[in-house]
Structure formats: structure tokens, C-alpha cells
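Working notes for the structure below.
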Amino acid sequence: MLIQLPALAVILPLLSAPLCLFLRRSLLAWLFTVIASGLTMLVSITLLQQVMASGTIVYEMGGWSAPWGIEYRIDKLNAYVLLIVSSISTVVLLAAHTSIEKEIPQDRHTLFYVLYLLSLAGLIGVVITGDAFNVFVFLEISSLAAYSLIALGEDRRALWAAYQYLIMGTIGATFILIGIGLMYQMTGTLNMDDLSRRLPEVAQTRTVFAAYAFIIVGVCLKVALFPLHRWLPNAYAYAPSVVTAVLAATSTKVAVYLLIRFTFSIFGISFSFTTVPLQTIFVILGLLGIFAASTTAIFQKNVKHLFAYSSVAQIGYMIVGFSIGTTTGLMATLLHLFNHALMKSALFLALGAVMYRIGSAQLSQFQGLGRQMPFTMAAIVAGGLSLIGVPLTVGFVSKWYLVLAALENGWWPVAVLVLLGSLLALVYVWRIVEAAYFNEPPAGRGAVEEAPLGFLIPVWVLVTANIYFGMDTRLSVQVAQAAAQSLFGVSP
Amino acid sequence: MILGLYNYWVVVVLMMIGLYIVIAHGNLIKKIVGLTIFQTAVFIFYISMAKVDGATAPVLAEGISQYSNPLPHVLILTAIVVGIATVALGLALAVRINEAYGSIEEESIQNQDNQEC
């Protein structure tokens with residue numbers, strides 16, 4: 001049974017999806033999905049423990065050995081990302097039943113859960129697989145499910161946002177497909193481990209350069225790296241609240257994982273960072289992303305838009321950490337993957353609670369909410385503090401390592417800019433605090449009740465995690481450090 | 001040189017035509033047509049890559065020693081399925097957009113959105 005765990009991680013959500021279709025009652029479908037996602041989380045936790053204790057797990061799908069069959073290869077990096085994806089998905093799902101009650105018509109509830117499970121299966125598959133083509137297939141499973149989930153939003157703009165995301169996402173995925181084809185042409189293999197050994201021999205050919213360029217651009221479209229982020233704000237703003245919370249926390253993270261996997265494990269550091277000027281490009285785009293997106297966030301009228309732009313900015317931090325190209329830099333990126341997933345899922349879920357009560361996420365509607373929905377607003381403030389990087393929150397941990405990595409490398413201007421970027425986060429978080437706590441409720445709005453427990457419990461689980469992992473950093477730092485070191489140690 | 005790489009030239013030309021249509025056209029259906037052409041170009045790329053000159057289909061038979069590589073062909077079957085799903089979803093969205101906005105022109109949809117903000 002334990003040997004089959006890697007396969008189970010994908011099969012559980014993938015097979016639960018069609019089974020879920022038979023459950024007509026919304027409550028049943030919800031319970032079923034929570035159980036499927038929860039079991040997947042347990043599998044991920046066990047896998048992480050196994051990997052930390054005894055090293056990389058190799059699983060041959062269907063018993064076909066590696067260069068021919070598809071191999072699942074779980075090292076510290078995937079195990080860590082698997083844990084992020086499955087646990088955030090499970091916690092967010094707890095709020096789904098309450099949230100979609102008001103946002104999605106009754107007859108589509110079952111379909112919502114089916115899509116949710118498919119998206120989860122796709123994301124887990126991308127992370128767990130050790131085969132380059134398999135990555136493309138799973139990426140498309142998760143993306144197609146994500147487009148449909150976004151289109152379930154009640155506002156008609158959700159449809160337009162989903163369409164734009166579909167066009168951009170498909171171009172990105174097709175670019176990755178071209179890149180994989182070119183790699184196959186040069187090496188005759190699709191297995192990542194095999195690729196990493198065969199690519200250095202042919203690294204100086206134009207085909208490999210083209211392959212790398214196609215893959216990086218394709219993945220960056222999925223990452224929503226500035227300036228390829230245009231699809232993201234509307235998609236996040238008009239999707240149903242639960243969908244936003246889960247997508248913001250997992251899908252871009254998985255894309256960042258792919259970036260790390262392709263750059264460090266497959267092409268190797270010496271190729272990515274010395275042969276190709278990736279470092280310069282990424283540090284500039286990352287910093288531009290932080291400033292451009294944070295500044296745009298300050299001027300948003302819709303709080304969902306505001307946090308969506310803030311997500312683009314946070315991706316900038318991850319890319320900066322990545323581009324430093326040292327163990328500490330990569331560790332900062334990995335920590336931020338985990339920490340940002342915690343903050344954004346908490347924030348977007350709390351926004352879902354606001355949407356549930358007042359039916360809008362406009363900043364003007366937030367006036368006076370501090371007294372009317374004290375627990376929800378306190379959660380938003382806690383999440384916001386984490387976003388800024390105040391000590392004792394997770395945001396501080398990742399910023400600390402990021403600044404440390406920049407200073408270690410002698411990049412002090414980058415460290416200064418990262419800190420300045422945090423000040424911009426302070427400005428946009430303050431706008432929400434000001435509206436919620438220092439303004440009277442708008443005239444004509446009746447009494448607003450605190451959000452139901454269905455929301456408060458998952459939101460506060462996430463907020464507590466934000467604070468807990470900000471103080472007790474053993475789990476996240478240890479795993480991130482081990483993952484970063486193994487990426488630098490193993491690759492040529 | 002040029003004639004020998006005939007397939008790849010076709011791939012590049014189709015790919016550029018497809019990408020150009022996606023970017024330049026405002027009509028949602030035409031964008032999807034462009035996307036399909038773009039994806040098809042990649043399919044042709046994979047299929048040409050696997051063809052070995054003078055070799056036959058990978059079916060065991062007497063007197064034949066050279067076979068084309070079947071793997072990319074199989075991969076493309078999967079990619080075609082993914083492509084169909086994408087097109088179907090894109091068209092379904094276009095239908096819903098037409099119902100909601102009364103238009104499938106990008107400009108008109110964007111204008112209606114801007115007025116709402």
C-alpha cells in the first residue's frame with residue numbers, strides 16, 4: 001500500500017471527479033470532495049515524511065521502467081509543493097459549501113466540485129510526475145478545469161476573463177509543448193532525469209536554446225510573471241470566491257515549481273544562469289513586477305482586484321529570489337511559495353465571507369465593516385500584515401531570507417528595492433484598514449452580521465497557520481532548505 | 001537544404017499565421033480558429049520529427065528493418081485530445097459571452113465592461 005502512494009496522490013482526485021458527478025445533492029458532493037481532497041493531503045504528508053527520512057522516491061507507472069514508461073519521481077521539492085497544493089485545497093474546500101450557496105446556482109453545485117477535483121488532480125500531477133510530456137497533459141487538465149471554474153462566476157465579466165485566460169493559457173501550454181518537442185528531438189527522451197543527463201552534451205546547439213526559450217516563456221505565462229500577467233487580475237476578481245482562493249494559492253505556485261524544475265533539474269544551473277542571460281532578465285522583470293503591480297494595486301476600487309495585483313507583485317518576489325541563483329535565494333523563493341499560499345488563501349477566503357454578507361467586494365462597501373464583521377476583518381488585517389512582512393507572520397520569514405540572499409550576493413540595491421516594495425504593500429493594505437475601521441458604514445445599508453462559521457473556521461485555520469509558521473519556522477525552513485540544497489547538489 | 005526541411009517550413013509558417021490571427025483578430029471565433037492553426041502546426045512538427053527517411057510504419061513485418069519512431073505520434077494523439085477539449089471549451093465560452101454581451105467582438109465586449117466600471 002505504501003509503495004503505491006505516489007500513484008494514489010493523483011488517482012484519488014482524478015477518479016473521484018467522475019464519481020462525484022453521480023452525487024446529485026450539493027451537501028453530499030461537498031462531503032465527498034472534502035474527503036477526497038483530505039485523503040490526498042494525508043498521502044502528501046506521508047510522502048513528505050518518507051522523502052525527508054529516506055530520500056527520493058521513484059515510482060514506475062504501470063511497472064514500465066524509466067526511459068520508456070512514465071516515472072513519478074518525488075524528491076524534497078515536489079513533496080513540499082504537493083503538501084502546499086493539497087493542504088490549501090482541503091482547507092479552502094471547507095468553506096466551499098457555504099460560499100457557493102450564494103454565488104453559484106443550485107443545479108451547478110455538483111459540476112463545481114467535479115471541476116474542483118479535476119483541477120486538483122491536474123495540479124498534483126504536474127508536480128509529481130517525472131516525465132516532461134506528462135507535465136503538459138496534467139497542466140492542461142488543471143488549466144481547462146480552472147477556465148471552467150472561473151466561468152462559473154456570477155458576473156458576466158467572469159466569462160470574458162475565462163476566455164482571455166483560455167487564450168493566454170493555451171498559448172503558454174503550446175509553447176511548453178514546442179519546447180518539449182525540441183528537447184525530445186535533441187535527446188530522444190522525455191524522462192526528466194534522463195534529460196538532465198543528456199542535455200549537457202548538446203547544450204551548445206541552437207535547438208536547445210530554442211527549447212529553453214519556448215519553455216521559459218510558456219511557463220512564465222502560467223506563472224503570470226510581469227508583463228505576462230494580463231490574464232490574472234480579471235480572472236481572480238470575477239471567479240467565485242472559493243475558486244479565487246484556491247487558484248491564487250496553488251496554480252501560480254505550481255507554475256513557479258515548473259520554472260524551478262526546468263531551470264535547475266533539467267537544464268542545469270550552469271546552462272540556465274551562465275549560458276543564457278536568465279538572471280539579468282528575471283531580476284529586472286521581478287523587480288518591475290513588484291513595483292508596477294503594487295502601484296496598480298493601490299489604485300484599485302475592487303478589493304479582489306487589489307489582492308490580485310498584489311499576487312502579481314508577490315510573484316515578483318519569488319522570481320527575484322529565484323534569479324539570485326544561490327541556495328539562500330532559492331530557499332527564499334520556496335519559502336515564499338508556501339507563505340504566499342497561506343496568506344492569499346486566507347485573504348481571498350475572508351473576502352469570500354464579505355461577498356457572502358454584502359454581495360460586493362468594492363472598497364467603498366468596506367466602510368464600517370470593522371465593527372460589523374470583526375472576525376472576518378481581523379483575518380484580513382492579519383493576512384495583510386503578513387503580506388507586508390511584519391515580524392511574527394510568515395511574510396516576514398520569506399522577506400528576511402530574500403533580503404539575506406540579496407545581501408549575501410552583494411546585491412544591496414535589490415535588497416533595498418525589496419524593502420521599498422513592502423512599503424507599497426503597506427499602502428494598499430492600509431486603504432482597506434482605513435475603510436473598515438475608521439469610516440462609518442454607508443447610509444442605507446442595513447445591519448450586517450458576522451460571517452457564518454462555515455467561513456470563519458477555515459479562514460482562521462489559515463490565519464493561525466500564517467502566525468504559527470511565522471514563529472515556528474522549523475517545518476517550512478527545514479524542508480525549503482533541504483529542497484534548495486538538493487537542487488544545487490544534484491544538478492551539474 | 002530548404003526542400004529537405006519542407007515540413008519544418010510549413011510548421012513555422014502555419015505557426016506564425018495562427019499566432020498572428022490570435023493576436024490581431026478581435027472576433028472570438030476567429031481567435032479560436034487561429035489557436036487551432038497554431039496548435040496544429042505543433043502537431044505537424046512532432047509528426048515530422050519522428051519520420052525516418054525510407055522507414056515504414058512501426059509494425060513488425062518481414063524484410064523491414066527500419067521503422068519510424070512511434071512515440072511522438074502517440075504523444076500527438078494526446079495533444080490532439082487536449083486541443084479538442086480546449087477548442088470546445090473556448091467555443092462554449094464564446095456562446096455564453098454572446099448570450100451575456102450580445103456580441104462576440106472583443107472591442108464591443110471591452111467597451112461594455114469599461115462602462116460598467
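The values are calculated or read from the model by the stated rules, or taken from the named source; none is laboratory data. Since the model is a prediction, treat every value here as computed from it, not as a measurement. So basically every Cβ, Gly included, is an ideal-geometry build from the backbone, and we count neighbours across all protein chains shown. Note: areas computed on protein heavy atoms with side chains; ligands, DNA, RNA excluded. Shrake-Rupley method; radii C 1.70, N 1.55, O 1.52, S 1.80 Å.
Observations on the model:
- Of the candidates B:Leu75, B:Leu19, the single residue that is in contact with a helix residue (DSSP H, G or I) (Cβ under 9 Å, 6 or more places away or on another chain), free of Cβ contacts under 8 Å to residues at least 40 places away in the same chain, at the interface with chain A (Cβ under 9 Å from one of its Cβ atoms) and surrounded by fewer than 19 Cβ atoms within 10 Å (Cβ to Cβ) is B:Leu19.
- Residues considered: A:Ile216, A:Ile269, A:Ile260. Of these, the only one that is more than 17 Å from A:Thr170 (Cβ to Cβ) and at pLDDT below 90 is A:Ile269.
- Restricting the first member to segment A:254-269 and to residues that are outside any helix (DSSP H, G or I), and the second to residues that are among the small types (Gly, Ala, Ser), the beta-carbon pairs closer than 7 Å and six or more apart or on different chains are A:Gly268/A:Ser196; A:Gly268/A:Ser491.
- Complete set of residues in segment A:318-330 that are assigned to a helix (DSSP H, G or I) and open to solvent by 10 Å² or more (accessible area, probe 1.4 Å): A:Thr327, A:Thr328
- Candidates A:Gly179, A:Gly172, filtered to the one that is open to solvent by less than 10 Å² (accessible area, probe 1.4 Å), more than 10 Å from chain B (Cβ to nearest Cβ), touching a Phe, Trp or Tyr at 6+ places or on another chain (Cβ under 8 Å) and farther than 16 Å from B:Ile104 by Cβ: A:Gly179
- Taking the conditions (1) within 21 Å of the chain's Cα centre (by Cα); (2) within 30 Å of A:Trp460 (Cβ to Cβ); (3) buried (at least 16 other Cβ atoms within 10 Å of the Cβ) in turn, A:Ile74 satisfies each one other than (2).
- Single residue of B:Ala50, B:Ala57, B:Ala41 found to be of a type in the set (Gly, Ala, Ser), under 29 Å from A:Gln164 (Cα atoms) and open to solvent by less than 80 Å² (accessible area, probe 1.4 Å): B:Ala41
- Qualifying residues in segment A:177-203 (those that are outside any helix (DSSP H, G or I) and in contact (Cβ under 8 Å) with a residue 24 or more places away in the chain) - the one nearest to B:Val82 (Cα to Cα): A:Leu190
- Just so you know, in segment A:182-191 the residues that are among the polar types (S, T, N, Q) and either more than 8 Å from every other protein chain (Cβ to nearest Cβ) or under 26 Å from the mean Cα position of the chain (by Cα) (or both) include one that is surrounded by the most Cβ atoms within 10 Å (Cβ to Cβ), and it is A:Asn191.
- Among the residues of segment A:431-450, those identified as under 30 Å from A:Thr90 (Cα atoms) and either touching a Lys or Arg at 6+ places or on another chain (Cβ under 6 Å) or open to solvent by 70 Å² or more (accessible area, probe 1.4 Å) (or both) are A:Val448, A:Glu449.
Table: residues versus (1) part of a helix (DSSP H, G or I); (2) more than 8 Å from chain A (Cβ to nearest Cβ); (3) touching a Pro at 6+ places or on another chain (Cβ under 9 Å).
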residue: B:Ile29; (1), (2), (3): yes, yes, no
residue: B:Val42; (1), (2), (3): yes, no, no
residue: B:Ala61; (1), (2), (3): no, yes, no
residue: B:Ile64; (1), (2), (3): no, yes, no
residue: B:Leu91; (1), (2), (3): yes, yes, no
residue: B:Ile97; (1), (2), (3): yes, no, no
residue: B:Asp113; (1), (2), (3): yes, no, no
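- Scope segment A:153-169; condition surrounded by fewer than 23 Cβ atoms within 10 Å (Cβ to Cβ), within 7 Å of another protein chain (Cβ to nearest Cβ) and assigned to a helix (DSSP H, G or I); matching residues: A:Arg157, A:Ile167
- Some residue of segment A:232-251 being out of contact with any Cys (no Cβ under 8 Å at 6 or more places or on another chain) and farther than 19 Å from A:Leu351 by Cβ: no
- Members of segment A:102-122 found to be open to solvent by 10 Å² or more (accessible area, probe 1.4 Å) and either hydrophobic (A, V, I, L, M, F, W, C) or without any contact (Cβ under 8 Å) to a residue 24 or more places away in the chain (or both), listed by number: A:Pro105, A:Asp107, A:Leu111, A:Val114, A:Leu115, A:Leu118
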